[in-house]
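The values are calculated or read from the model by the stated rules, or taken from the named source; none is laboratory data. Since this is a predicted model, take the numbers as computed values, not measurements. Glycine also receives a Cβ, built like all others from the backbone with ideal geometry; neighbour counts cover every protein chain displayed.
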Amino acid sequence: MNSPHNTAKELETLAQEAGFSLTKLAKTYGFSERHFRRLLKRMLGIQASLWLADLRMRLARNLLVEGLLVKTIAYELGFSDPSSFCKAFRRTHDVSPAQFVLLQREPDKMSG
């Protein structure tokens with residue numbers, strides 16, 4: 001973790017492999033979860049839970065645009081069920097995943 005070779009992208013990949021669990025991610029590096037949270041806060045400048053939530057939502061947006069089903073995305077991103085994913089997505093984006101997809105497909109009305 002304190003190695004300069006650990007890039008943000010590598011950290012994101014490891015988070016995905018750990019099922020978006022901070023406990024599992026900390027174990028990957030050989031740290032307690034509490035110590036790992038402190039290290040992430042120092043390294044990223046935000047709380048670990050906020051970083052992880054942001055990562056999941058960034059990935060969710062990409063997967064929605066790619067056309068994956070909400071159910072597939074929910075489980076791939078470590079949510080307990082599609083309903084939990086939809087609630088988290090709506091809380092973050094103020095629209096449902098389905099509305100987000102529709103908005104992405106609309107032509108940019110501001111540039112025309």
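What number of residues in segment 27-36 are over 13 Å from Ser49 (Cβ atoms) and either among the aromatic types (Phe, Trp, Tyr) or in contact with a Phe, Trp or Tyr (Cβ under 8 Å, 6 or more places away or on another chain) (or both)?
Let us first name the residues in segment 27-36 that are over 13 Å from Ser49 (Cβ atoms), namely 27-32, 35.
Subsequent filtering for residues that are either among the aromatic types (Phe, Trp, Tyr) or in contact with a Phe, Trp or Tyr (Cβ under 8 Å, 6 or more places away or on another chain) (or both) retains 29, 31.
Of the residues in segment 27-36, 2 are over 13 Å from Ser49 (Cβ atoms) and either among the aromatic types (Phe, Trp, Tyr) or in contact with a Phe, Trp or Tyr (Cβ under 8 Å, 6 or more places away or on another chain) (or both).
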Any residue in segment 41-58 that is over 27 Å from Pro97 (Cα atoms), at pLDDT 95 or above and of a type in the set (Gly, Ala, Ser)? no
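Which ones in segment 1-20 are in a loop (DSSP other than H, G, I, E, B), surrounded by 15 or more Cβ atoms within 10 Å (Cβ to Cβ) and at pLDDT 90 or above?
Quick first cut of segment 1-20, residues in a loop (DSSP other than H, G, I, E, B) only: 1-7, 18-20.
This time we only want the ones that are surrounded by 15 or more Cβ atoms within 10 Å (Cβ to Cβ), so: 1, 18, 20.
Within segment 1-20, Ala18, Phe20 qualify.
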Mind listing whichever residues of segment 45-73 are without any contact (Cβ under 8 Å) to a residue 12 or more places away in the chain and assigned to a helix (DSSP H, G or I)? Leu50, Trp51, Asp54, Arg58, Asn62, Glu66, Lys71, Thr72
Residues being assigned to a helix (DSSP H, G or I) and either closer than 14 Å to Ala15 by Cβ or touching a Gly at 6+ places or on another chain (Cβ under 6 Å) (or both) - total across segment 74-88: 1
Mind checking which residues of segment 46-89 are in contact with a Phe, Trp or Tyr (Cβ under 6 Å, 6 or more places away or on another chain) and surrounded by fewer than 18 Cβ atoms within 10 Å (Cβ to Cβ)? Gly78
